[in-house]
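Novice: Please see the structure below; I have some questions.
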Amino acid sequence: MTLDMFHGFEIEQLDWLIRLLCAVIAGGILGLDRELRHRRVGVRTYMLVSLGSAMFAVIAMQMSQDLAIDGVSSDPTRVIQGIIGGLGFLGAGAIIQGDQKVGGMATAASLWMAGAVGLAAGLGYMVFAVTTACIAAAVLWLSKLLSQRGSDDRPDEC
């Protein structure tokens, strides 16, 4: 191996690290609103959902590149489809709470968004991920102004 190979490896590893850290930051931006409202699903969950989505995206892209070198074609978008399905499963868990009321829709939607920004960061769209997380956090913050609207039928305390 030459020194250039190690240099390229370090740059690639640094790129992955930056993408993952960006995903954690974007997830934290979304989860901060939940934490400040003292909800059960808070900043740690959002950061982990975002980080996990970014990790799967990085793995899918790297695996696709590695297989292409070996002459094998692959479709990394299938991993993305799996991530989306898994996020739907998490969202369903936030909605289904075992009682007769439907709640947790905002939690499910914001967990879905955390996965989306993590996916964007993992794919290298880091500015887009953080910008979208900020916009989504603003939407969550603005919704606090409407928190009393229909409070009798809003069981979304997740």
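Novice: Can you confirm whether region 50-59 contains a residue that is buried (at least 20 other Cβ atoms within 10 Å of the Cβ) and at pLDDT below 85?
Specialist: Looking through region 50-59, none of the residues is buried (at least 20 other Cβ atoms within 10 Å of the Cβ) and at pLDDT below 85.
Novice: I need every pair where a residue in region 122-145 that is closer than 18 Å to M55 by Cβ has its Cβ under 6 Å from the Cβ of a residue that is among the charged types (D, E, K, R) and modelled with pLDDT of 95 or more, sequence separation at least 6 or different chains.
Specialist: What qualifies is G122/R19.
Novice: Then there's this: Which one is surrounded by the fewest Cβ atoms within 10 Å (Cβ to Cβ), of the residues in region 15-49 that are assigned to a helix (DSSP H, G or I) and modelled with pLDDT under 90?
Specialist: L36
Novice: Do we have R78 as basic (K, R), assigned to a loop (DSSP other than H, G, I, E, B) and surrounded by fewer than 19 Cβ atoms within 10 Å (Cβ to Cβ) here?
Specialist: Criteria not met by R78.
Novice: OK, next. Would you mind finding the one in G103, G115, G86 that is outside any helix (DSSP H, G or I) and surrounded by 12 or more Cβ atoms within 10 Å (Cβ to Cβ)?
Specialist: The conditions single out G103.
Novice: Only one of (1) under 14 Å from the mean Cα position of the chain (by Cα); (2) of a type outside the set (A, V, I, L, M, F, W, C); (3) exposed (fewer than 13 other Cβ atoms within 10 Å of the Cβ) is not met by S110, so which one is it?
Specialist: For S110, the exception is condition (3).
Novice: From (1) over 23 Å from E35 (Cα atoms); (2) modelled with pLDDT of 85 or more, pick out the condition that doesn't hold for L119.
Specialist: It is condition (1) that L119 fails.
The values are calculated or read from the model by the stated rules, or taken from the named source; none is laboratory data. In this text, all values refer to a predicted model and were calculated from it rather than measured experimentally. Counting neighbours? That spans all protein chains shown, and the Cβs are built from the backbone with ideal geometry, glycine included.
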